[in-house]
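**Q** Dumping the structure here so I can ask a few things about it.
The values are calculated or read from the model by the stated rules, or taken from the named source; none is laboratory data. Computed from a prediction, not measured in an experiment: that's the story for all the values here. Glycine gets a Cβ as well: all are built from the backbone with ideal geometry, and neighbour counts include every protein chain shown.
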Amino acid sequence: MKVVLASKNKHKLEEISQITRKFDMELVLQSELGVDIDVEETGTTFEENSFLKAEAVMKATGLPALADDSGIAVDALNGEPGIYSARYGFDPTLDDWGRLLLLLKNTEHVPDGKRQAQFVCVITLVTPEGQTIQARGEVHGELLRAPAGENGFGYDPIFYYPPFGKTLAQATAEEKNQVSHRANALKVLYQKLKEAGYADK
């Protein structure tokens, strides 16, 4: 099944494709089909924003569209930055590294043992026939006080995953794809696709 990824993020395409290949799903970026739309994320949950993006790209391409909305939620910050993870600080001059440093600064006061956090991912598949399939995945860990690791992207360098004894940025792509929030959401999505008759294997 050919599916359009409602994203311009090549990191996401690489990460999701490594998992969806075994699901008989050919994933293409919206830009590969000449589609260039930025969907305003007006939702208040990962579920709402994921659906908004998938629906808009499905309508623009006429193909099934897959969108994810993801972020990091810090317990001590009442779940922030959450759905605003990619816009954390609302400062257009900040890049991924700048937002990571801002999160470290905003959690300086949080004591060790209270630095629990989780990555959350909601993936939505919307088809031209009007079907919506949605799945949520999480991975739980804690925030370090300084970055560690060169792999991954976003907040991975400060997200310590206890079962690995290292951050997700220190893990290999293979390791991360076994436990990540996106991998967990895709596993749920795959089961739902099979139930709906979309998955071939």
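**Q** Return the residues of segment 47-74 that are of a type in the set (A, V, I, L, M, F, W, C) and not in a helix (DSSP H, G or I); say none if nothing qualifies.
**A** Leu63, Ala65, Leu66, Ala67, Ile72, Ala73, Val74
Residues checked against (1) touching a strand residue (DSSP E or B) at 6+ places or on another chain (Cβ under 8 Å); (2) modelled with pLDDT of 90 or more; (3) of a type in the set (D, E, K, R); (4) not in a strand (DSSP E or B):
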residue: Gln134; (1), (2), (3), (4): yes, yes, no, no
residue: Arg145; (1), (2), (3), (4): no, yes, yes, yes
residue: Gly154; (1), (2), (3), (4): yes, yes, no, yes
residue: Ala169; (1), (2), (3), (4): yes, yes, no, yes
residue: Asn177; (1), (2), (3), (4): no, no, no, yes
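**Q** Is it true that Arg87 is basic (Lys, Arg), closer than 23 Å to Arg136 by Cα and in contact with a Ser or Thr (Cβ under 9 Å, 6 or more places away or on another chain)?
**A** Values: basic (Lys, Arg): yes; closer than 23 Å to Arg136 by Cα: yes; in contact with a Ser or Thr (Cβ under 9 Å, 6 or more places away or on another chain): no.
Against the criterion (basic (Lys, Arg), closer than 23 Å to Arg136 by Cα and in contact with a Ser or Thr (Cβ under 9 Å, 6 or more places away or on another chain)), Arg87 does not qualify.
**Q** Residues that are under 14 Å from Ile158 (Cβ atoms), of a type outside the set (Gly, Ala, Ser) and touching a residue at least 24 places away in the same chain (Cβ under 8 Å): does segment 46-63 have at least one? Give the derivation first.
**A** Taking segment 46-63 as the starting set, the residues that turn out to be under 14 Å from Ile158 (Cβ atoms) are none.
For segment 46-63, residues under 14 Å from Ile158 (Cβ atoms), of a type outside the set (Gly, Ala, Ser) and touching a residue at least 24 places away in the same chain (Cβ under 8 Å): absent.
Per-residue answers, yes or no, for (1) on the phi > 0 side of the Ramachandran plot; (2) assigned to a strand (DSSP E or B); (3) modelled with pLDDT of 95 or more:
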position: Ala76; (1), (2), (3): no, no, yes
position: Ile83; (1), (2), (3): no, no, yes
position: Asp91; (1), (2), (3): no, no, no
position: Leu100; (1), (2), (3): no, no, yes
position: Leu104; (1), (2), (3): no, no, yes
position: Val110; (1), (2), (3): no, no, yes
position: Lys114; (1), (2), (3): no, no, yes
position: Ala117; (1), (2), (3): no, yes, yes
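**Q** Please tell me if Asp95 is within 15 Å of the chain's Cα centre (by Cα) and either surrounded by fewer than 14 Cβ atoms within 10 Å (Cβ to Cβ) or within 21 Å of Val139 (Cα to Cα) (or both). Walk me through it before giving the result.
**A** Numbers: within 15 Å of the chain's Cα centre (by Cα): no; either surrounded by fewer than 14 Cβ atoms within 10 Å (Cβ to Cβ) or within 21 Å of Val139 (Cα to Cα) (or both): yes.
No: the conditions fail for Asp95.
**Q** Could you pull out the residue among Val3, Val28, Val39 that is in a strand (DSSP E or B) and in contact with a Lys or Arg (Cβ under 8 Å, 6 or more places away or on another chain)? Can you show your working first?
**A** Details: Val3 fails: in contact with a Lys or Arg (Cβ under 8 Å, 6 or more places away or on another chain); Val39 fails: in a strand (DSSP E or B).
None of the other options fit; the residue is Val28.
**Q** Here's a follow-up. Would segment 6-28 turn up any residue that is over 16 Å from Leu186 (Cβ atoms), hydrophobic (A, V, I, L, M, F, W, C), at pLDDT 85 or above and within 16 Å of the chain's Cα centre (by Cα)? Lay out the reasoning, then the answer.
**A** As a first pass, look at segment 6-28 and keep what is over 16 Å from Leu186 (Cβ atoms): 8, 10, 28.
From the residues that got through so far, the ones that are hydrophobic (A, V, I, L, M, F, W, C) too are 28.
After this cut, where a residue has to be at pLDDT 85 or above as well, the list is 28.
Then drop every residue that is not within 16 Å of the chain's Cα centre (by Cα), which leaves none.
So far as segment 6-28 goes, no, none of its residues is over 16 Å from Leu186 (Cβ atoms), hydrophobic (A, V, I, L, M, F, W, C), at pLDDT 85 or above and within 16 Å of the chain's Cα centre (by Cα).
**Q** Just for segment 1-37: of the residues that are acidic (Asp, Glu), over 18 Å from Ala135 (Cα atoms) and in contact with a helix residue (DSSP H, G or I) (Cβ under 9 Å, 6 or more places away or on another chain), which one is surrounded by the fewest Cβ atoms within 10 Å (Cβ to Cβ)?
**A** Top of the filtered list is Asp36.
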